[in-house]
Amino acid sequence: MTPVTISSLATIIFAAIIHASFQLSVSVLTLLSGHSIGKKTAQRKIFRMSNSFVFGVSTITLLLISSISYFLSLFIHHATSAEQLVAAVSSGMMFGLGIAIWAFYFRRQPGTSLWLPRNFAEYLNKRTKKTKNSIESFALGIISVIAEIIFIIAPIIAASLAIITLPNPFLQIISIAIYVIVSALPLFVVIVLIGSGRSISNLQRWREDHKRFLQFASGGSLLILAAFLFVDRVIGVISYGGNLW
């Protein structure tokens with residue numbers, strides 16, 4: 001592998017880990033499971049609905065990263081010095097979002113309340129209570145990703161920039177699959193824990209106890225990725241006077 005390929009793969013994995021650290025989809029999944037358990041829904045049905053939720057999250061993530069990678073490749077390969085421009089703008093976006101995550105991603109009140117407007121948070125809570133089948137769970141998964149797109153878009157763009165630098169389509173497809181799987185790992189962990197008998201209250205207590213760490217880690221990781229992307233894809237290209245893409 002060339003240094004550029006190794007750098008791209010590392011960027012994709014790191015961006016996927018940052019994506020996985022965001023908490024809205026995890027919150028909605030725990031709400032969905034909690035409401036289902038409270039209604040004494042059969043364990044098999046809860047498992048099926050949870051898997052459908054994760055499938056919805058993974059599907060919309062796949063569509064987002066695939067479409068953004070495609071449009072970025074068109075833009076970069078048809079405009080002079082476009083790679084530096086896109087990388088610079090993306091770095092600035094990630095830097096700003098990293099600071100924003102530190103400032104208000106979790107609300108300061110007790111619990112695990114996120115930055116969402118209260119009326120929309122209440123809508124999600126009511127929607128999870130009314131969800132009764134796999135199709136509705138799938139749609140709920142899609143909604144949870146779209147609702148957090150303001151934060152998720154940053155690591156997706158960073159990963160997309162790295163994906164289009166890979167030397168062949170097969171490696172690009174594998175990298176997209178890796179991103180989707182890694183970004184959804186916390187959801188699979190929640191399903192396994194609930195399926196093994198771990199109570200929702202224990203999961204929520206763990207999230208509350210560690211929410212400041214998650215907030216700091218997410219924001220700090222975005223700042224690190226922003227700095228790396230700027231040095232590697234902007235300063236690096238300018239220094240070599242060529243195109244590293």
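Quick one: which helices (runs of 4 or more DSSP H) sit completely within segment 90-169 and have at least 3 residues that are open to solvent by 40 Å² or more (accessible area, probe 1.4 Å), touching a residue at least 60 places away in the same chain (Cβ under 8 Å) and over 24 Å from Ala226 (Cα atoms)?
Per the criteria, 134-147.
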- Query: For segment 212-245, which residues satisfy the criterion of being modelled with pLDDT of 85 or more, more than 17 Å from Met94 (Cβ to Cβ) and open to solvent by less than 90 Å² (accessible area, probe 1.4 Å)?
  - Reply: Leu214
- Checklist (1) closer than 17 Å to Arg127 by Cα; (2) β-branched (Val, Ile, Thr); (3) more than 21 Å from the chain's Cα centre (by Cα) applied to Val54, failing item: (3)
- Message: Just to be sure I understand the filter: pairs with C-beta atoms under 7 Å, separated by 6 or more residues or on different chains, first member in segment 204-219 and among the charged types (D, E, K, R), second member surrounded by 13 or more Cβ atoms within 10 Å (Cβ to Cβ). Which pairs pass?
- Response: Arg207/Thr112; Glu208/Thr112; Lys211/Phe106; Lys211/Thr112
- Message: Looking only at segment 27-68, how many residues end up being open to solvent by 20 Å² or more (accessible area, probe 1.4 Å) and either among the aromatic types (Phe, Trp, Tyr) or free of Cβ contacts under 8 Å to residues at least 40 places away in the same chain (or both)?
- Response: 11
- Item | segment 182-201, residues that are free of Cβ contacts under 8 Å to residues at least 40 places away in the same chain and either open to solvent by 70 Å² or more (accessible area, probe 1.4 Å) or among the β-branched types (Val, Ile, Thr) (or both) | Val189, Val192, Ser196, Arg198
- Message: Could you list, ordered by first residue, the pairs with Cβ atoms under 6 Å in which the first is in segment 71-85 and within 18 Å of Ser8 (Cα to Cα) and the second is at pLDDT 70 or above and not aliphatic (A, V, I, L, M), at least 6 apart or interchain?
- Response: Leu72/Ser160; Ile76/Glu83; Ala82/Phe75
- Item | Selected residue (only one of Ser160, Ser199, Ser134, Ser113 is hydroxyl-bearing (Ser, Thr, Tyr) and under 30 Å from Tyr70 (Cα atoms)) | Ser160
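Among the residues of segment 1-20, which ones are open to solvent by 60 Å² or more (accessible area, probe 1.4 Å) and in contact (Cβ under 8 Å) with a residue 12 or more places away in the chain? Lay out the reasoning, then the answer.
To start, the set of residues in segment 1-20 that are open to solvent by 60 Å² or more (accessible area, probe 1.4 Å) comprises 1-3, 6, 13-14, 17.
Listed by number, the residues that qualify are Thr2, Ile13, Phe14, Ile17.
The values are calculated or read from the model by the stated rules, or taken from the named source; none is laboratory data. Just so it is clear, the model here is predicted, and its values are computed rather than measured. Heads up, the Cβs are rebuilt from the backbone with ideal geometry, glycines too, and the neighbour counts pull from every protein chain shown. Please note that ligands, DNA and RNA were not included when accessible areas were found on the heavy atoms of the full protein model with its side chains. Shrake-Rupley method; radii C 1.70, N 1.55, O 1.52, S 1.80 Å.
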